[in-house]
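Step one of this worksheet: look at the structure below.
The values are calculated or read from the model by the stated rules, or taken from the named source; none is laboratory data. These numbers come from a predicted model, not from an experiment. Neighbour counts run over all protein chains shown; Cβ positions are idealised from the backbone, glycine included. Remember, those area values only see protein heavy atoms, side chains included, never the ligands or the DNA or RNA. Shrake-Rupley method; radii C 1.70, N 1.55, O 1.52, S 1.80 Å.
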Amino acid sequence: MQKYLEKAQVLIESLPYIRKFASKIVLIKYGGSAMENEELKHCVMQDIALLKLVGLKPVIVHGGGKDISRLCENLGVKSEFKNGLRVSDKETTKIAEMALLQINKNLVQNLECLGVKAIGICGKDGRLLHCVKKDEDLGFVGEISKVKVGILNELLEKDFLPVIAPVGMDEEFNTYNINADDAACALAKALRAEKLVFLSDIAGLYRNYEDKNSLISKISLSEAKGLLSSLQGGMLVKLRSCIDVCENGVKKVHILDGRVKHSLLLEIFTDEGIGTLVV
């Protein structure tokens, strides 16, 4: 009997969060190990399906760096990186688009199997993501200059769950590969999302990354700014992104460990949460 009571308590604990976030947009940047491991992928899809079915409006932006690298290798195309970004000539960009669209449709299929109306698009559809070159040395790597969210708002109004591949176009209709974190931030700001969730391979934000006991559960915008000078590398980039979106209309940003099963539900629907929340 006790285990059933514990299950009931979990459901009761989630009620105020379901009520609070009903009809609110939650943008989820999906990447890392949670995309590579089939069991973890299924858990993430279950979490997102549940968010949708209890009344939230999830939107997914996915990455696919490892799949792009594998496809490049299979086709005999060498991958080169500068400052963590893939140098993308026209051939590499075509390969990236192929890999990302394959991932996109696979995610749609998984969500449809769970009873969710999902639709896969990329930033080229409806001119959703307008790009300029981020850096001449990177080739066709795009920096988002404009987001046309009309198509997304229409899909959400018609009860679809959009799954977005980070590919865009410029004024001359050239195709661009876009960093998935950048795409997620731009879309969260344009949609005025209630939450932006980064699913990654870290437990959250640390005051000192070497000290695993220094995980920050919750941090304010002003505290986050004060922490910038003490961070470096990927953690610094991630925190800057969190600050940027919080200053541009997004109320809360979560950094979660996608390697933990059902981390999305644990973070959004429980009192304690498991990652880092920036408010």
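Observations on the model:
- Our analysis of region 165-261 gives Rg over Rh at 1.01, with the two radii drawn from alpha carbon positions and Rh computed by the Kirkwood formula.
- Cross-link pairs Lys133/Lys261; Lys24/Lys134; Lys133/Lys218; Lys52/Lys238 - those with Cα-Cα distance over 28 Å: Lys133/Lys261; Lys24/Lys134; Lys133/Lys218
- Its residue count N sets the reference 2.2 N^0.38 Å, and the alpha-carbon radius of gyration of the chain equals 0.99 times that reference.
- Within the accessible area of the chain (1.4 Å probe), percent carbon and sulfur: 51 percent
- Size descriptor, Kirkwood hydrodynamic radius, that averages inverse alpha-carbon separations across region 88-228, Å: 17.0 Å
- In the full protein context, the chain carries 49 Å² of accessible surface per residue, based on a 1.4 Å probe and ignoring ligands, DNA and RNA.
- The distance from the alpha carbon centre of region 9-86 to that of region 218-279 is 16 Å, rounded to a whole number.
- For the options Pro58, Pro166, Pro16, a Gaussian network treatment of the chain with springs between C-alpha atoms closer than 10 Å singles out Pro16 as fluctuating the most.
- Within the chain, longest stretch free of exposed chymotrypsin sites (Phe, Trp or Tyr not before Pro) [DSSP loop, at most 15 other beta carbons within 10 Å]: 1-172
- Treating each Cα of region 1-143 as one equal point scatterer and applying the Debye formula with no solvent, the log10 of I(q)/I(0) at q = 0.11, 0.15, 0.16 Å⁻¹ comes out as -0.55, -0.89, -0.97.
- Region 73-174: relative contact order as a whole-number percent, Cα under 8 Å and 6+ apart: 31 percent
- Relative contact order of the chain, defined on C-alpha pairs under 8 angstrom at six or more residues apart (%): 22 percent
- Label positions at Asn37 and Asn83, each projected 7 Å from the Cα along the C-beta direction, are separated by 3.3 nm.
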